[in-house]
Structure formats: C-alpha cells, structure tokens
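This report refers to the structure that appears directly beneath it.
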Amino acid sequence: MSGKVSERLNRLLVMVPYLARADGADVKVLCREFGLTEPELMQDLDTLRMCGVPDYTPADLMDYWIEGGRVHVMMADYFARPLNMTRPEVLSLFVAGSALLRSGVFAENGALDSALSKIERMLSEETKEELEKVISHIEVEMRAYEGNMREIIDEGLEKGMNLELDYWTFSRDEMTSREVEPLSLVCSQGYWYLLGWCHLSDDYRLFRLDRIARVRLTDNPCQERVRESFDVPRVVGEYKPGRKAHQVRLTFEGKQGRRIVEQWPAAQVTEKGDGTISVELRTRNLAWLATYLLRFGGQVKIEGPKELRKMVAKNADELLEAYS
Amino acid sequence: MDKIERLINLTACLLETKRPLDFAELSDTVYRGLSRSQNSLKRMFERDKDELREMGIEVETVESEWGDETGYMIPRDRYYMPHIDLEPDEKVALTMVSRLFLGSGTPFSVPAQLALLKLAFERQAAGEEVPHVHWVETPRDSELLGDILDALVRRKLLAFSYRSLGSDEAVAREVEPYGLFNKSGAWYFVGQCHLRDEVRCFKLERITSDVEVNPKNPKTPDFEVPAGFDIHDEIDWERPAGGKADVKAKVVFKPRLSFAAATGPARLLAEKRRADGRLEATYEVADPEQFVEWALGFGTDAVITSPAALKEMAKDRLRGILEGLGGS
C-alpha cells in the first residue's frame, strides 16, 4: 500500500491526525492499520519531516520522534483531524454494504442501512449523484446467508463463545461432532463458511454453512490467544492442496466445461480446438470428486488417475441401482 | 522537493490561512526555490489544484471586491471529516462492512480500510470486538480490476485484447464499461462492445493484455450508461430466463444427511420422516437440470423418487458417465 502520489497523500492526511494526538500512535498498530511495513512507514514519516507551513523554518515543519514504540508529531494543528472521505472510500463502503445487505448478513432497514444513509447525507449533491450511478452498476454476488443455525452462529461470534458443530466433511463423506472457537464468517466463491479454531483437529478449519448439520452454543468462552492471532487470508491460504495431492485430468464437452471453468478458478484450463475443455486440478482427496463428477454425465471424460475412474464407476453403478 | 511534499505543503498552507492567498504569495512560499518561469509555476499550481480536487480536496477560488485579484484557500468545513452521529449498532455495522474486503487485493480493500480509519478517529467506529465477515477472493490481477473500476467510475473507454471462450485467438476490443460484478469468485464486466456493436459480458481472466483507460479528455466522460441498463439482467446469463417453479419433486435422504434437505436450489414444500428414519422432502423446482445435479452431488445418500422425468434425467447422467468410462 505504498503506491501512487495521491494514495500516499490521502494516507498521510489520515495518518498525521493519529500521530498528532497527545499520546501519539503505536508503530505496530500503525503498520497493521495502514497496511505498511516498518520501512514504508519510516519513508512516510521522513516525508512529513520536509513538510509544514511558511516560512518553513525548523519550527514550522512537522517533526516526528519515536519513544517507547510510539510515534509523535508536533506542529500539525491544521492536520489535527482527518481529511473527509474520498469518493473511492465512499464507493467501497457502499459496494461492500450492499453485498452484505443483499446476502442477508444485515437486515434491510436495520443498523447498516441507517449508518450508510448518514454517510450519504454528508456528501455533496454532485458526489451523491455520481456515486449512485456507479454503485447500482457494481455487484458482488454472495449466496444468501440464512438458515435456522444462523442466529446461534452469530451469537457465538458476537459473544466469543465456542460452538459445538455436527459437520459433514464432504471430502471424506463423514459426519463428526466437534467444538469450535468461532472466528469469522468467510465468503469464498459465493459460499459462506465459518472460520474457526477446531478443537478436534487442533488447527484452523473452514466449515461450509450448508454442511453444518447441527450447532449448539456452549458455555466455554473462546481463548483470547486464538482470537488475537488469526489472519484470514493466511489461514485460508493454508487450504491450498499440498504436494501429496492427486493430479486429476478431465475433459469436458461444450457448455459444461464452461461452467466448470467458472467454478474452479484454481484449476488449469486448456481449451482445445474441437470445442472440448481440458481441466487439470490437484486435490488431496478423490472421494468427493468421485461423487461430484456424477452430475456431468456423458459430458465429462475422466482421463486419470485410474483410481478416480474406478471410484466414479462404482458410485454410478450403486446409484443407478438405487434409482431402479 | 518531491511532488508529495509540495502537495502536502500546499494543502497545509491553504488550510491554515485565515484569508485567501493570491498566486504571488504562493509562489513566494509553497513554490519558492523552484527554478522555473512564473508561467510554468502557474501551470504547475493549476495541475496541483486539479490533483487535490481529484482526491476530494476543494481549493476555493475567491475573487477580490474589484475583481482584479484572485485568492485561494481550502474551506475547512469541507476539508475535514465531519462528525457523524452514529449509534453503537451502526458503528458495529460500518466496521464489519469496511473489513469485508480487507487483504483481498480488490480495489475496494484499501479505500474501505481508510474510510474506517477516518470514521474511527472520533471513535465513530467500533473497536476490535466486532464479528468478522471476510471476502477472501483475491483477483488474479488487482491492477486490471482497478483500471476497469476507474474507467467505470469516470465513464471512459477501455481498450484491451480478449480471447473469448471457444476461440483460439485474442481480438482487440474497445468497450464502454457499464457495470462490474463478481459471481462465484470470478470478476466480470459488462459494456457496449464496439467490435460487436452490442452489450457484452467480459471475464477478467480472459483478457490477454493490459487494459488501457482512454487517456484523452480525462475530465469528460466518453459515454453515458443507457437508462434501462440493469446489471442483474447480465449476472443471470447462465440460467435460463423466466423458469417457472411448476415441477414438484420428491427426494429421499438417508438419516445422517437429512439436514441437507434444506440446502437445495428449490423451494422446500414439506418434509416427512419415514419409519426407517429416512427423510422425504418435497420441492417446487424451477430449474430441473440444476436440481438433478444438486441431488446427484450427495451420491447414494439422496435419491429422487418422483417425478419420472427427473429420475430419468438423473439416470441419463449416470449412464452417460459410465459409457465414458467404458469407452476409453
């Protein structure tokens, strides 16, 4: 987040007011909140040292000092409060806000609606008009966040209380019960997940909401240690299949192939001249794929591995039996 | 002196002054020491003003009483983040919203975080103890997405090469971007394509070049979005339009998976527990294909028992996949 001049300028005009407070601001917190490394922060601070008001004598320039891990700035009364919100900032709040309203995370006409309209009221007529045009043309689609378990999950997240889940692990096709410290709701590829510290596996886990069979609020508070130290992108990143994963090769025909490409952004896709699409992907577990592929019928050809071909054949045979 | 320093100094100077400053005064202070002609300094000042305005910092021009002098200042009431009186639950809501895209690399991530910091300065945002909601889809190319958003906001033409699905070669396109959306984790934008002369949908991953946002006349839009344009019509291109929910279907679930009955892509009408513990669920189905595919996803744990047409569809798929396996 170092970037263009206008981005740096905007950032500094938000940062200086924090530094100019009587007790300054913590270096580590600053880096985290502003998405900067310490050298990048130092570069920003050194820029400030060159700035001030006429006559630009040392007494007119903003100077900083660091004491006990906190940054302080003097002589910046004119920057004692942050710059008003820029258009991209308002736009981003509204895009995120309307995605969460449409998916039902927030109720219509509730706290989010009223908060956003308070922000809208402070905008100039011209800005409001411009933004309205753009906002209605941007949509981030998320599946509806709903279901009767939602209230319990929300309560666990809000109060920081552990949840007990009965969860169906799609990839292993098994149902297990476990205690989970709820950390965050996560939306990925349109689906909702609960991210939590799982006491059964003693690790972070993602639980897809529509695969939770039952949820109960426990009396056990989340442990602070776990709550503090998580970082969503990092945790989610760990879910990439490792080296032990199977290499799967599939060929799809026509329209189905197109849909597969949309659904598996991680897959390697090659479009062939004859209208077929070849897909290569890695997965740690073949069982889920052997069931998942059934829906594609004659439009998928399983090139390998052999193990997967056998599993799919067995599944299809058994299910045909159940249908007859 | 770096440009960023000059812009900070100009902002500070015009914000602090109690009376409008004319250009002579500015060239003696903010622009002092720059070895340039007076004309070239004046042009630099005009560009700086434009840049500040782009960021939302309004430099006000004040004519003197006799109109012979022009002064400049930044009105404080418009510069500073105003106080917004938020209720505690509104603070929580805004904090959650501003963190939705945090760290996801979309063009919304950084601005939303800065907005929160502006709100938080007067304790107008909630602290750490707020439920987290996160969007974790990282676009493959953040810069590309940023450029498209920029063109969309300023209504500027986009030029790029695009390889459509099913074609071997990338073709140069010129598009008026009307809308942007994300579906199942992938980004698309919709706009009037000059090559095809109609509204088309473009997937970001199929863009094979950088996108060029028309650099000419940056302050004037290149086009207007037609009044009838609705992004939602474009998002649903995949599904057959106007599917009526007129098929009633029954699915029997094994006991351990009966919770899944409520997750289907159709309206659940009734649930009945059978004597053997299995659950029979009745649905009103609008999209039979999608419904059959969903049911097949549970393997032998879910079986469609009626109507015959849907059962046949399921069996067709199963026979099809077996044929493919036998034939190679």
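The values are calculated or read from the model by the stated rules, or taken from the named source; none is laboratory data. For clarity, every value in this text was computed on a predicted model and none was experimentally measured. Here Cβ is always computed from backbone atoms with ideal geometry, including for glycine, and neighbour counts include all displayed protein chains. For the accessible areas, the whole protein counts, side chains as well, though only heavy atoms, and no ligand, DNA or RNA atoms are used. Shrake-Rupley method; radii C 1.70, N 1.55, O 1.52, S 1.80 Å.
Peptides B:209-216, B:220-227, ordered by how many other C-beta atoms sit within 10 Å of their residues on average, highest first, read B:209-216, B:220-227.
Taking Lys and Arg as +1 and Asp and Glu as -1, the other residues whose beta-carbon sits under 10 Å from that of B:Lys216 total 0. Dividing the radius of gyration of the alpha carbons in the protein assembly as shown by their Kirkwood radius gives 1.02 for Rg/Rh.
Per-residue mean of foreign Cβ neighbours for A:72-81 is 3 (Cβ atoms of other chains, 10 Å radius).
Straight-line cross-link partners of A:Lys314 among the lysines, defined as a Cα under 22 Å from its Cα and at least 8 positions apart when in the same chain: A:Lys301, A:Lys306, B:Lys254, B:Lys311, B:Lys315. Rounded to the nearest 10 degrees, the inclination of helix A:38-49 to the longest alpha-carbon principal axis of chain A is 30 degrees.
Once each of the GluC sites (Glu not before Pro) sitting in a DSSP loop with at most 12 other beta-carbon atoms within 10 Å is removed, chain A keeps A:109-237 as its longest stretch. Excluding same-chain neighbours fewer than eight residues apart, the lysines reachable from B:Lys156 by a Cα-Cα span under 27 Å are A:Lys4, A:Lys128, A:Lys133, B:Lys3, B:Lys49, B:Lys183, B:Lys203, B:Lys216, B:Lys219. If one takes the longest principal axis of the Cα atoms in chain A, at what angle in degrees, from 0 to 90 and to the nearest 10, does the Cα axis of helix A:111-121 lie? Taking Cα atoms only, the helix is inclined about 40 degrees. In chain A, the longest principal axis of the Cα atoms and the axis of helix A:306-323 are about 70 degrees apart. Once B binds A, the 1.4 Å probe can no longer reach about 10700 Å² of accessible area, counting both sides.
How well do other chains shield peptide B:290-297, expressed as the mean number of their Cβ atoms within 10 Å of each residue Cβ? Mind showing how you got there, number by number?
On the way: counts 1, 0, 2, 7, 1, 2, 10, 7.
Mean shielding count: 4.
Think of it as helices only: each DSSP H run of n ≥ 4 in the protein assembly as shown is worth -39500 (n - 2.57), and spread over all residues that comes to -11000 deg cm²/dmol at 222 nm. List the residues of region A:175-189 whose backbone N lies under 16 Å from a point placed 7 Å from the Cα of A:His199 along the Cα-to-Cβ direction. Once the point is set 7 Å along Cα→Cβ of A:His199, A:176-183 turn out to lie under 16 Å by backbone N, inside region A:175-189.
Database remark: amide H of B:Val62 closer than 5 angstrom to the amide H of B:Gly71, B:Tyr72, B:Met73 (H placed geometrically; neighbours at sequence offset of 5 or more, or on other chains; Pro and chain starts carry no H). The overall shape of region A:53-152 is prolate: from the C-alpha gyration tensor, with semi-axes ordered a ≥ b ≥ c, the ratio a/c is 1.5 or greater and a/b exceeds b/c.
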